[in-house]
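Report on the structure given below.
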Amino acid sequence: MSSVDRHLKIIDAALLSAKIVKDASEASEVLIPLKVTAGIMITILETIRGVKTNKEDWATLGEHLATQIKGMQDNLSRCPIPHSTALLLAVNSYEQKLNNVLTKVRLVSSRGQAEGVFRYRIDKEEIIELNRDVGIYWSDFIVCISIL
């Protein structure tokens with residue numbers, strides 16, 4: 001189990017505890033400060049969890065893209081069949097799109113922790129969108145080379 005997985009399990013346990021405390025504190029008006037405190041703790045823990053998950057997702061996406069780009073380059077260089085211009089254009093276009101996404105991933109991965117905290121919801125959506133885009137690029141590439 002990775003360090004991130006252990007941290008996420010601890011955060012999940014703390015989140016569950018804070019939610020139980022918050023629910024239990026709704027029983028009495030006297031416990032309103034406890035309810036507010038538990039609510040704040042829940043927000044903090046969800047933010048920490050989101051930032052850690054995003055960091056891991058950015059890293060996974062970056063590793064996937066780098067591996068895919070390198071594998072494509074290696075396979076193309078070892079291919080004994082002469083490459084048509086159309087195939088090379090399709091490969092170059094696909095590789096450029098992947099490199100653009102990889103550049104964005106590396107830029108985001110190099111930011112400070114504070115920015116990750118403030119942008120964690122936006123980052124979560126961007127990760128989803130970029131993964132979707134990479135899938136679309138792959139589909140377009142496959143259609144293109146299947147026509148060749």
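The values are calculated or read from the model by the stated rules, or taken from the named source; none is laboratory data. As the structure is a computational prediction, the values presented were derived from the model and not from experiment. Methodologically, a virtual Cβ is constructed for each residue, glycine included, from the backbone with ideal geometry; neighbour enumeration extends over all protein chains shown. Only protein heavy atoms, including side chains, enter the accessible area calculation; ligands, DNA and RNA are left aside. Shrake-Rupley method; radii C 1.70, N 1.55, O 1.52, S 1.80 Å.
Annotations for the structure displayed:
- Alpha-carbon Rg with Dmax, taken over the chain, Å: 22.4, 79
- Shown is the FRET efficiency for residue 76 and residue 56, computed with R0 = 22 Å from the Cβ-Cβ distance and rounded to the nearest 0.05: 0.10.
- Extended-chain gain in nm, criterion 0.36 nm per residue less alpha-carbon gap, residue 34 and residue 122: 28.7 nm
- Label sites at residue 136 and residue 19, each approximated as a point 7 angstrom past Cα along Cα to Cβ, lie 3.3 nm apart.
- Screening the chain for whole DSSP H helices with an alpha carbon extent of at least 30 angstrom along the helix axis and a mean Kyte-Doolittle hydropathy of at least 0.0 yields 3-25, 85-109, 120-147.
- Highest-MSF residue in the chain out of 30, 51, 134 [GNM, Cα springs under 10 Å]: 30
- When the range 70-134 is reduced to its Cα atoms, the Kirkwood hydrodynamic radius in Å: 14.1
- Think of a 1.4 Å ball rolled over the protein heavy atoms: the range 28-86 then has 65 Å² of accessible area per residue.
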